[in-house]
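Data first, discussion second: the structure below is written as structure tokens.
The values are calculated or read from the model by the stated rules, or taken from the named source; none is laboratory data. Because the structure is a prediction, the values reported are computed rather than measured. Cβ atoms come from the backbone with ideal geometry, glycine included; neighbour counts cover every protein chain shown. Just so you know, the surface numbers come from the protein's heavy atoms only, side chains and all, with ligands and any DNA or RNA stripped out. Shrake-Rupley method; radii C 1.70, N 1.55, O 1.52, S 1.80 Å.
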Amino acid sequence: WLMFRGFNTISTSLELKKEGAMDWGWILLLGVLITIFAFMSIVNPLIGASYLVFTLAIAIFLLGIANIFLSLQLRKIKVAAENITG
């Protein structure tokens, strides 16, 4: 689930780049970090077993930060679209 959310965050940041959002790079960075933490817990059983709580907590925390950045970018896009349409 977490790896899917990381890929989804990366994809969303690239869509924001196409729309001209300014802070899309932060969302991309957070998506990559989420994917790395999810991949670490899957690939290495030692890390997955002994640090599962730690790695998942960091990954979910990063996902929360990415969602906050995303919501701020979407609000800026909404305001810009409202200004264009009148």
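Under a straight-distance cross-link criterion of Cα-Cα below 14 Å, which aspartates and glutamates are reachable from K78, leaving out those fewer than 8 residues away in the same chain?
Partners found: E19.
How large is the accessible surface per residue of the chain, computed with a 1.4 Å probe and reported in Å² as a whole number?
68
Rounded to the nearest 0.05, what FRET efficiency do L52 and S11 have when you use their Cβ-Cβ distance and R0 = 25 Å?
0.45
List, in order, the whole-Hz ³J(HN,Hα) value for each residue of the range 60-69 obtained from phi through the Karplus relation with A = 6.51, B = -1.76, C = 1.60 and θ = phi - 60°; use x for Gly and Pro.
Working through the residues one at a time gives 5, 4, 5, 5, x, 5, 4, 5, 5, 4 Hz.
Return the tail of the calculated pair distribution for the chain, meaning the percent of Cα-Cα pairs more than 15 Å apart.
When every Cα pair of the chain is considered, 58 percent fall beyond 15 Å.
With a point put 7 Å past each Cα toward its Cβ, work out how far I65 is from E82 in nm, to one decimal.
Label at I65, label at E82, 2.9 nm between them.
Taking the Cα atoms only, what angle lies between the long axis of helix 2-19 and the longest principal axis of the chain, rounded to 10 degrees?
20
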